[in-house]
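These notes are about the structure you will find just below.
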Amino acid sequence: MSKKTKGAKKGFWERARESAAQQQALAAREKSVKQKKETENLPSAPLAPTPPVEKTPEEKRKLHKLGIIKTVVPAMIGALAGFISYFTMGDGTEYPWFSIIVFVVIFSYYAQRIIYPIQGLDMKEFGKKDWFYVEFMTVIFWLVVWTLLLNPPL
């Protein structure tokens, strides 16, 4: 490799390294300024960290029960959807696979919106993460049951 002469244009990687070094220096400078401001604003005695709030045994039992319900209901709906898929569509080759999955998700969503209040779950507490979990469980159980039914016995 030849050495670069003075005044030669810098390559892409050299410019990238310089830019990264500048960004790191700027971040370090901002961090030190922030730490300096925090130390100036601290009271003389350090604050003790707050301990985590312990749940009562009743709250733990309730959360455990709700977790079981959130697992069992999608499993049963998914298994039911697997049986229905097997007996109505067989192997399902005459239908687009995506439309079958969308139908199962929509069916299970509305079925769970009906079942959970009956079981005592507050639907207002369900977040996106909870809905993703229960729908994922439903689709997985549906696929597993349908696949097992499609495979012939030995």
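Values in this text are rule-based calculations from the coordinates and carry no lab data. Please read these numbers as outputs of a predicted model, since none were measured by experiment. Every residue, glycine as well, gets a Cβ built from its backbone with ideal geometry; the counts of neighbours run over all protein chains shown.
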| query | Hull surface divided by four, with the convex hull built on the Cα atoms of the chain: how many nm²? | reply | 23.7
| message | Of the candidates Phe132, Phe107, Phe12, which one comes out as most mobile in a Gaussian network treatment of the chain with C-alpha springs shorter than 10 Å? | response | Phe12
| field | At 1.567 mPa s and 4 °C, Stokes diffusion of region 58-135 via Kirkwood alpha-carbon radius, µm² per second | value | 94
| note | Neighbour-count ranking for Val144, Val139 (other C-beta within 10 angstrom, fewest to most) reads Val144, Val139
| Positive-end residue, the chain charge dipole about Cα centroid, Cβ charges, pick of Pro152, Trp142, Ala21 | Ala21
| query | Cα-Cα over 23 Å: which of Lys55/Lys124; Lys34/Lys128; Lys9/Lys31; Lys31/Lys129? | reply | Lys34/Lys128; Lys9/Lys31; Lys31/Lys129
| remark: Between the modelled labels at Arg29 and Leu148 (7 Å from Cα along Cα→Cβ) the distance in nm is 6.4
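What does the helix-only formula give at 222 nm for the chain: each DSSP H stretch with n ≥ 4 adding -39500 (n - 2.57), the total divided by the residues, and the result rounded to the nearest 500 deg cm²/dmol?
Numbers: 4 runs with 109 residues, N = 154.
Mean residue ellipticity at 222 nm (helix-derived): -25500 deg cm²/dmol.
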| note | With +1 on the Cβ of every Lys and Arg and -1 on the Cβ of every Asp and Glu, the dipole magnitude of the chain about its Cα centre, in debye rounded to the nearest 20, is 1380
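Within region 19-128, report the trypsin sites (Lys or Arg not before Pro) that DSSP leaves as loop and that have at most 15 other Cβ atoms within 10 Å.
Details: sites: Arg29, Lys31, Lys34, Lys36, Lys37, Lys55, Lys60, Arg61, Lys62, Lys65, Lys70, Arg113, Lys124, Lys128; in loops: Lys55.
Of the trypsin sites (Lys or Arg not before Pro), the ones in loops of region 19-128 whose Cβ has at most 15 other Cβ atoms within 10 Å are Lys55.
Tell me which DSSP H helices of the chain clear both cut-offs, 27 Å or more of axial length from alpha-carbon atoms and a mean Kyte-Doolittle hydropathy of at least -0.5.
Numbers: long enough: 12-41 (44 Å, -1.52); 57-89 (47 Å, 0.44); 97-119 (32 Å, 1.32); 128-150 (33 Å, 1.16).
What comes out of the filter, once short or polar helices are dropped, is 57-89, 97-119, 128-150.
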| query | What stretch of the chain, leaving out the sites themselves, is the longest with no GluC sites (Glu not before Pro) in a DSSP loop having at most 13 other Cβ atoms within 10 Å? | reply | 95-154
| task | Calculate, in nm to one decimal, what Glu58 and Lys10 gain on full extension: separation in residues at 0.36 nm each, minus their alpha carbon distance. | result | 10.5 nm
| field | GNM result for the chain, Cα springs below 10 Å: residue of Pro49, Pro96, Pro117 fluctuating most strongly | value | Pro49
| request: Please work out the C-alpha center-to-center distance from region 46-94 to region 105-148 and express it in whole Å. | output: 8
| request: Take the Cα of Tyr109, step 7 Å along the line toward its Cβ, and report every residue of region 63-95 whose backbone nitrogen sits under 18 Å from that point. | output: 74-75, 77-78, 81
